[in-house]
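First up is the structure itself, then whatever we jot down about it.
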Amino acid sequence: MINRILSTACLLLALFTVTSCEKVVFDEEQSSTSESSAGNVVIRVGSIDAGWANASTSRAMTKVTEVCTRLQFVVYQNRQRVKYKYQALGDEGFGTYSLDLTEGSYQLFVVASSGKENASISTTVPKAEFKNWSPDTDKGSGFTDTFYYYGDMTVSSSGTTEVDINMKRATSMFRLVTTDALPDNIRKIQIHYEGGSRILDGATGYGSGNASMTTFYLYDGTQAGQPLQLDAYVFLQAETGSLKFTVRALDAKDAEVCSREFTNVQMQRNCITRYTGKFFAASTPEPNPDPDPDPDPDPDPDPDPDPDPDPDPDPDPDPNPNPEPQILMVETEWGEIFDYTF
């Protein structure tokens with residue numbers, strides 16, 4: 001009897017160890033499953049929920065063709081990926097996927113993005129991995145505004161199973177708005193950020209695992225003299241998070257011209273955190289002013305020894321002339337904007 005109990009306990013421990021240590025495998029060479037033109041299951045992306053975060057106002061539903069250029073449909077059963085379909089904006093039937101499935105219960109995972117490449121999709125669980133895009137190799141998906149859907153799907157034995165889905169935004173955005181102009185020697189701006197994730201977990205809608213990410217903006221000189229708006233997207237690992245952003249401006253030889261760090265950046269899913277200020281000028285010390293080239297050679301020999309006092313002195317001067325930036329809440333289609341100046 002004791003041996004039987006010990007054997008059962010060891011078996012349970014082994015099963016727990018295998019399950020808890022299971023590695024998520026991402027398929028980087030994924031290809032669409034071949035399907036007949038008219039399957040017994042039809043999935044339609046009806047709209048994208050680009051609505052308000054933390055507000056009671058009505059939702060802002062947007063067509064899928066207006067917010068993304070790539071769609072990835074994934075069907076799982078018993079922790080195995082059984083169907084996969086990729087669509088690009090411009091493909092016939094973009095947003096509709098017709099496929100063949102036998103009767104049973106499935107899980108449907110759909111990802112909408114606009115990167116250079118598709119996300120890598122897990123073969124066992126609803127997770128999508130995005131990778132840094134490199135301007136040198138032109139490889140990697142990059143990080144864009146991303147939407148998702150995940151839910152159960154039951155296929156019947158008769159007739160056509162129709163599934164209409166609405167998708168939600170999974171990303172947060174860091175936005176840098178420069179009030180000074182882009183210098184003519186800048187060819188690249190790099191935004192490196194830490195504290196978010198590169199993997200979207202469809203089951204939770206949050207990021208999975210901690211990672212650093214990099215976003216690039218490229219310039220050819222024709223944009224010089226203009227202020228910039230730079231956006232970087234991230235998957236938070238919870239509804240809110242604190243991140244660190246490092247923004248570097250580089251010349252044609254990748255030498256740093258100027259840079260700035262933004263630490264403890266507070267972010268929230270479906271919200272924009274915006275920083276506005278002088279980026280290029282603030283990174284270059286102001287030169288000392290030239291001495292007065294023409295000093296007054298004949299100052300007034302009889303200045304007023306007792307000038308009148310200020311007729312209206314400030315009775316309550318500001319005790320803190322450099323206060324911390326205030327946070328402004330502005331409702332937009334993205335939700336709230338957390339607005340800072342620097």
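The values are calculated or read from the model by the stated rules, or taken from the named source; none is laboratory data. Predicted model, so just to flag it, every value in this text is computed and none were measured. Don't worry about glycine lacking a Cβ; one is built from the backbone with ideal geometry, like all the others, and counts go over all protein chains shown. To get the accessible areas, we keep the full protein, side chains included, count just its heavy atoms, and leave off ligands, DNA and RNA. Shrake-Rupley method; radii C 1.70, N 1.55, O 1.52, S 1.80 Å.
Overview of results
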item: Candidate set from segment 134-170 (those that are among the small types (Gly, Ala, Ser) and part of a strand (DSSP E or B)); member that is modelled with the lowest pLDDT; result: Ser134
item: Count - residues of segment 171-197 that are open to solvent by less than 10 Å² (accessible area, probe 1.4 Å), among the hydrophobic types (A, V, I, L, M, F, W, C) and in a strand (DSSP E or B); result: 5
item: Hey, Ser259 touching a helix residue (DSSP H, G or I) at 6+ places or on another chain (Cβ under 8 Å) and assigned to a strand (DSSP E or B) or not; result: yes
item: Hey, Thr124 over 29 Å from Gln237 (Cα atoms), at pLDDT 95 or above and among the polar types (S, T, N, Q) or not; result: no
item: Qualifying residue in segment 211-219 (condition: open to solvent by 30 Å² or more (accessible area, probe 1.4 Å), over 27 Å from Val265 (Cβ atoms), aromatic (Phe, Trp, Tyr) and in contact with a strand residue (DSSP E or B) (Cβ under 8 Å, 6 or more places away or on another chain)); result: no
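Residues checked against (1) farther than 30 Å from Asp49 by Cβ; (2) free of Cβ contacts under 8 Å to residues at least 60 places away in the same chain:
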{"residue": "Ala181", "(1), (2)": "yes, no"}
{"residue": "Lys188", "(1), (2)": "yes, no"}
{"residue": "Ile191", "(1), (2)": "no, yes"}
{"residue": "Ile199", "(1), (2)": "no, no"}
{"residue": "Gln223", "(1), (2)": "yes, yes"}
{"residue": "Ala238", "(1), (2)": "no, yes"}
{"residue": "Ala252", "(1), (2)": "yes, no"}
{"residue": "Glu261", "(1), (2)": "yes, yes"}
{"residue": "Asn264", "(1), (2)": "no, yes"}
